[in-house]
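One structure below.
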Amino acid sequence: MQISTSTVGKERVATRSDPPVWSLRWRVARQIAGQELRDALFGWSFYLTAAIGPFLSALFVYNSLNFVAASGLLIQARPFYVPVLVTTTLAALYIAAWATLAIARPRDQGSLRVLFFAPVDEYGVIGGHILAGVAIYALLVLIAAPLLGLLAALTNLPFPPLLLVGLLVSPVFAVVAVAIGLCISTIAPSSRSAMFFLGATLLVVLAIPIGYTALLKVPPTSRYYDALLFLRGLMQTLRDLLNWISPYALLSAGTDAAMRASWGDLIQRLVVGIAGGMVWAALAIWGLQRRGVLP
Amino acid sequence: MIKTENLTKRYQNHLAVDSLCLDVRLGEIYGFLGPNGAGKTTTIHMLLGLIRPTSGQVLIHGEAIGPRDFAFKRQIGVVAEEPVEASKMSGWELVRFFARLYGLEKPELRMEELFRSLDLWDVRHGMARDYSRGMRQKLSLIRALIHEPRLLILDEPVSGLDPHGIRQVREIINYYQQAGGTVFISSHILSEIEHSANRVGILHEGRLLIEDSMAGLRQRLAKQQRMTIELEQVAPELVKRLTSQPYIVQVQQEGRQLHLLLRTQADIRAQLSRLITDSGGIILKMQGDEMSLEEAFVTITSQDVLALAE
């Protein structure tokens, strides 16, 4: 048996001929992103998510039309705002869940260790998964957008061009969702606990605004009013904080800013989104370095 | 090629690797032996930077490897113990994915050569996760060889392979070494190490007990000898009497043959003959044997011969 071994016995060449580190990392990120995207496209969950968004949007528009018909009002404000928000939020939830398993599952299975036998480091791996996550999100939005356009054409309801701007910039907020998922994935002890932690986080993110709204409804005449004031203040602070941290809050605020053509507000949200994404990505890299790649 | 200086790994109360000083030279096949739990895989993980050592360092070509270094892995090919292929890729796609990670833009020719060499050509488009254990092992070897590394690290490379597969792997390892490559094999299949290795390191409870050439190892262990005695009949009391002798380490019975591992280099045939005759045994044949690596391994890693390492 003969196999070619042209470089095997040669003495190691000088370190200067090694490609720069950023080039190696970029190569790794590209390969991982490409493979993850291909894997997503060959999976059923991608197409299910792509179908559910437009389906729920159609349901919402149908209900809106029924309301208009029943009430006799000929006014419908922002008929496609909620459908677009539902579609983008669903896509962001999907990629957050995808990212939550992206590191934890291969680590459980032992294949993450094998990946690190190659010239791969944490920056390349996390970077590759972020690229893949954003690409998957963008594809989901690209599939949904013409379907929403078709819905607008069929119902004769207006689809504001500014909403398209909201759709166009939404991948920036999706980066935050991916990075948070990756951060959870790197630090969780197993894939099961990673999903549990994601679920718990989403519950908390939902509970805070709902809780705050509930507390606002406590009348001043109630005997619990004074006792609950502190809690209301705390919930308000947490809610305000979430508005700047949560990718879903940023998505909603960003889409709203685009609809209102409030460009200053939109740019502010985009900057916060980019900064937030970088912070979470850095935490994910740190988490992977700290926790390691072994099961 | 690869050196470790006082490499140590401690997990809370457990010392997995203790001040390991390995020296794997360019162009040799280095056999890394040790019982289960000795620290072999932990050592390999530290060599590759997958685990950070508690203290000590790894040097490749004389350059210390830092905790964030990873470019050095371009020169290394690794076959892991218990190959795992959980991806959604075919065998061919998986190897091409890794080839691109190593910077090979058009690896298809090389891939074909390797797939054909290891009899995986016909199944290359099957899902890697559906491969048998032996096929996954071969796929791991292809993945490790695709970029023509200067150092091959093999952790149980023939595990799960049939005899034909073992022969193929052995040929590749020998051919690789003849071409100037360096091979670091960690294995329990001692006969494979014995056939291939130029030098051997034996790890026990995290410590490197011996690092020597095969000839040096046998010479070191020449203090002990092995003897085979064939008797007309073996009485059970005879085996007990032999085992209780201070100069005998171990007695194994195989039918009418007794294989003895002796603690001494002295000629004790007369003593043995007298003991056997007194027990009523009739000696048909008595012969001294060279110790195999398996026996050397068992001897070296048993606690009452730790002094041998000194």
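The values are calculated or read from the model by the stated rules, or taken from the named source; none is laboratory data. This is a predicted model, so every value here is computed, not measured. For neighbour counting, all protein chains shown are included, and Cβ atoms are generated from backbone atoms with ideal geometry for every residue, glycine included.
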message = Being of a type in the set (Asp, Glu) and at the interface with chain B (Cβ under 9 Å from one of its Cβ atoms) is the filter here; which residues of the range A:19-48 pass it?
response = A:39
request  = Would you confirm whether any residue within the range A:114-123 is within 14 Å of chain B (Cβ to nearest Cβ) and under 22 Å from the mean Cα position of the chain (by Cα)?
outcome  = yes
query = Does at least one position in the range A:133-150 carry a residue that is closer than 30 Å to residue B:78 by Cα and out of contact with any Pro (no Cβ under 6 Å at 6 or more places or on another chain)?
reply = yes
query = With B:233, B:253 as the choices, which residue is outside any loop (DSSP other than H, G, I, E, B) and modelled with pLDDT of 85 or more?
reply = B:253
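Please give the helices (runs of 4 or more DSSP H) falling wholly within the range A:208-295 in which 2 or more residues are surrounded by 13 or more Cβ atoms within 10 Å (Cβ to Cβ) and within 14 Å of chain B (Cβ to nearest Cβ).
A:263-291
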Odd one out for residue A:60, checked against (1) away from chain B (no Cβ under 14 Å); (2) at pLDDT below 80; (3) assigned to a helix (DSSP H, G or I) = (2)
query = When you scan the range A:97-110, how many residues do you find that are surrounded by fewer than 24 Cβ atoms within 10 Å (Cβ to Cβ) and under 19 Å from residue A:181 (Cα atoms)?
reply = 6
key: Any chance residue B:95 is crowded, with 19+ Cβ neighbours inside 10 Å, part of a loop (DSSP other than H, G, I, E, B) and either modelled with pLDDT under 95 or more than 24 Å from the chain's Cα centre (by Cα) (or both)   = no
ask   = Is at least one residue of the range B:37-50 of a type in the set (Val, Ile, Thr) and under 20 Å from residue A:21 (Cβ atoms)?
value = no
request  = Kindly provide the set of residues from the range B:76-108 that are in contact with a strand residue (DSSP E or B) (Cβ under 6 Å, 6 or more places away or on another chain) and either among the basic types (Lys, Arg) or within 7 Å of chain A (Cβ to nearest Cβ) (or both), ordered by number.
outcome  = B:78, B:80
note = Within the range B:151-191, the residues that are among the charged types (D, E, K, R) and in contact with a helix residue (DSSP H, G or I) (Cβ under 7 Å, 6 or more places away or on another chain) are B:155, B:162, B:170
Conditions (1) buried (at least 16 other Cβ atoms within 10 Å of the Cβ); (2) closer than 22 Å to residue A:295 by Cα: number failed by residue A:172 = (2)
task = Being under 31 Å from the mean Cα position of the chain (by Cα), of a type in the set (A, V, I, L, M) and surrounded by fewer than 18 Cβ atoms within 10 Å (Cβ to Cβ) is the filter here, so list the residues in the range B:100-116 that pass it.
result = B:104
inquiry  = When you check residue B:90 against the structure, is it in contact (Cβ under 8 Å) with a residue 40 or more places away in the chain and farther than 22 Å from residue B:197 by Cα, yes or no?
reply    = no
query = Do we have residue B:55 as polar (S, T, N, Q) and either within 22 Å of residue B:169 (Cα to Cα) or within 10 Å of chain A (Cβ to nearest Cβ) (or both) here?
reply = no
query = Which one is farthest from residue B:38 (Cα to Cα), of the residues in the range B:141-185 that are more than 14 Å from chain A (Cβ to nearest Cβ) and of a type in the set (Gly, Ala, Ser)?
reply = B:160
ask   = In the range A:7-22, how many are in contact with a Gly (Cβ under 9 Å, 6 or more places away or on another chain) and modelled with pLDDT of 70 or more?
value = 1
inquiry  = Cβ contacts < 7 Å: first residue closer than 12 Å to residue A:53 by Cα, restricted to the range A:141-168; second residue of a type in the set (Gly, Ala, Ser) and crowded, with 19+ Cβ neighbours inside 10 Å, any location; separation 6+ or different chain. Result?
reply    = A:141/A:91; A:141/A:170; A:143/A:50; A:144/A:50; A:144/A:53; A:148/A:57
query = Given the residues A:208, A:187, which is the only one that is in contact with a Gly (Cβ under 8 Å, 6 or more places away or on another chain) and over 24 Å from residue A:139 (Cα atoms)?
reply = A:187
query = Which condition breaks for residue B:70 when tested against (1) surrounded by fewer than 21 Cβ atoms within 10 Å (Cβ to Cβ); (2) in contact with an Asp or Glu (Cβ under 6 Å, 6 or more places away or on another chain); (3) facing chain A (nearest Cβ under 8 Å); (4) at pLDDT 90 or above?
reply = (1)
query = residue A:117 passes all but one of (1) hydrophobic (A, V, I, L, M, F, W, C); (2) closer than 30 Å to residue B:51 by Cα; (3) assigned to a helix (DSSP H, G or I); which number fails?
reply = (3)
ask   = For residue B:37, are the conditions met, namely being more than 14 Å from the chain's Cα centre (by Cα), assigned to a loop (DSSP other than H, G, I, E, B) and more than 9 Å from chain A (Cβ to nearest Cβ)?
value = no
task = Considering each residue of the range A:99-113, count those that are touching a His at 6+ places or on another chain (Cβ under 9 Å) and within 11 Å of chain B (Cβ to nearest Cβ), and give that number.
result = 1
ask   = Can you name the number of the only condition in (1) modelled with pLDDT of 80 or more; (2) not in a helix (DSSP H, G or I) that residue B:240 fails?
value = (2)
